[in-house]
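Please read the structure below before turning to the comments.
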Amino acid sequence: MYKSLWLQQPTEHSKAALGESIETDVCIIGGGLSGIMTAYHLSKAGKDVVLLEGDSVLGGATGHSTGKLTAQHGAIYQTLIKQFGSDGASLYYKLNQKAVSSGFDLVGSDVIQPSTSILYTQEEFNRKKLEDEWDAYKQLNISGTMNPKSEIPYPLKLSVSMSEQAQIHPVRFGREMLAKAMAAGTKVYEHTRVQHVDIQNKKATTHTGHTVSCKDLVIASHYPIEALRGLHLFKLEINRSYIIAFKTPNPYKGQYLSVDTAVRSIRTALIDGDNYLLLAGPSHKAGTKSDTYKYYDEIEAEGHDRFDAKDIPFKWSAQDPETPDLLPYVGQLGSGTPHVWIATGFRKWGISNSLVAGQLISDGILGTPNKGLDLYSPSHTKLGTALAQALKIGSQVAVDFVGGYITRTSTPRCTHMGCKTRWNEADETWDCPCHGSRFSKEGLVIEGPAVDPLEL
């Protein structure tokens with residue numbers, strides 16, 4: 001199985017699994033960056049916090065990200081203005097820009113570096129898209145520039161930059177924040193997979209039968225276990241993308257993202273004296289492709305041809321839920337469950353949005369007013385858009401669910417809702433096309449919402 005650049009060094013101190021039933025103020029499910037940041041803020045405020053992770057902390061979405069800490073999440077601000085008005089779009093920018101700024105206050109320069117985020121196009125017909133995005137920047141007073149120049153080896157038609165952004169080593173950043181959270185009192189249990197959540201009684205039951213009872217329950221597990229409530233299950237689409245990393249003699253000042261049909265994400269990273277270039281490329285709906293080597297082959301060829309890569313030691317893929325309207329779901333699960341909170345739907349921009357989510361959820365639990373809770377609320381999806389997304393994903397779910405039962409095949413069924421999984425040849429995983437669950441070749445859960453292993 002391929003390895004992420006950020007996970008090349010083993011975890012320094014593994015945490016013990018939960019060995020007894022306990023009670024706490026706040027139970028957080030999910031040891032990624034959003035869970036850790038929530039734990040950090042709440043522990044600092046004096047709450048008794050327990051964080052549960054099914055595998056190893058930071059080994060999931062955070063450890064497989066590109067590590068861009070930025071408020072530039074694609075060419076989205078023109079769309080956000082149309083959907084949420086200037087005030088809503090401005091608030092989204094300010095929340096994420098505050099997350100970028102706070103990063104420099106939280107960790108040292110060996111973990112975070114300043115950078116400029118740049119959208120670009122090589123296609124003439126996408127020039128208008130970037131011109132419209134630049135107009136949105138001016139309307140929202142976002143600092144940046146528009147020009148066709150760049151330091152990457154592509155002939156650009158136009159680019160739009162956002163100033164005062166950052167890039168991080170996501171795992172080292174997360175480990176430092178975890179240490180701060182633990183110093184403030186957070187109790188962390190790894191290899192403790194939650195198999196059932198009792199929402200009404202605010203209780204989580206682990207695979208070993210132990211329970212964590214709490215006053216507030218936070219589900220920050222990438223894909224919410226209890227997503228059926230409020231139909232969040234059918235409002236999230238999962239897409240998988242592919243990344244390579246290799247040493248380079250030429251570090252870049254900026255970090256780049258194309259708006260073209262062939263999407264590319266490019267940044268460099270300085271790790272222990274060596275410069276690496278990260279090149280991310282094509283994507284597809286999770287669990288729908290078996291021949292995944294071709295996705296790596298495409299960006300590897302580009303790494304050799306465009307960036308003179310000699311050897312490519314790091315390759316990995318990542319997936320993230322996407323909501324119908326670009327905004328993540330962060331906040332109370334529903335009006336009937338005011339003490340259950342979720343954080344998901346980051347659309348591959350989970351670094352800045354994890355910092356936002358940690359602040360929003362902790363403010364919500366502590367009763368601190370924050371306008372972002374209304375903007376990010378899981379109830380924000382408009383009915384028409386949500387219905388269209390539900391039909392789009394739900395029909396796929398229905399086909400796979402029924403097919404999984406009426407077709408005799410050696411393909412194992414996902415333990416979440418019975419959909420047929422698909423073997424991912426390059427990553428050596430069983431992937432579910434319905435809701436994004438992933439299993440190792442031995443059938444063990446890598447990513448949820450599934451909590452039980454496959455029957456192979």
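Once both labels are positioned 7 Å from their Cα atoms along Cα-to-Cβ, the gap between ALA262 and LYS157 label points is 1.5 nm.
Computed with a 1.4 Å probe on the full set of protein chains, the accessible area for ARG193 sits at about 50 Å². Counting only residues at least eight positions apart within a chain, or on another chain, the lysines with an alpha carbon under 26 Å from that of LYS15 are LYS3, LYS44, LYS47, LYS180, LYS187, LYS202, LYS203, LYS215, LYS441.
Using the Cβ-Cβ distance between LYS82 and THR208 with R0 set to 51 Å, the FRET efficiency works out to roughly 0.55. For the pair ASN141 and SER440, a Förster radius of 41 Å applied to the C-beta separation gives a FRET efficiency near 0.30, rounded to the nearest 0.05.
Counting only protein heavy atoms and using a 1.4 Å probe, the accessible area of LYS180 comes to about 80 Å².
Only protein heavy atoms count here; on that basis, with a 1.4 Å probe, VAL330 has an accessible area of about 0 Å². Each Lys and Arg Cβ is given +1 and each Asp and Glu Cβ -1; about its Cα centre, segment 1-121 then shows a dipole of about 560 debye. Charges were assigned to the Cβ only: +1 to each Lys and Arg, -1 to each Asp and Glu. The resulting dipole of segment 68-176 about its Cα centre is roughly 120 debye.
Computed extension length for LYS247-GLN8: 84.7 nm, one decimal, from 0.36 nm per residue of separation with the Cα-Cα distance subtracted. Figure note: SER56, SER115 ranked by solvent-accessible area, largest first, 1.4 Å probe, ligands and nucleic acids not counted: SER56, SER115.
The values are calculated or read from the model by the stated rules, or taken from the named source; none is laboratory data. Predicted model only: the values in this text are computed from it and were never measured. FYI the Cβ positions are ideal-geometry reconstructions off the backbone, even for glycines, and counts take in every protein chain you see. Ligands, DNA and RNA are stripped out before the accessible areas are found, and what is left, the full protein with its side chains, is counted by its heavy atoms. Shrake-Rupley method; radii C 1.70, N 1.55, O 1.52, S 1.80 Å.
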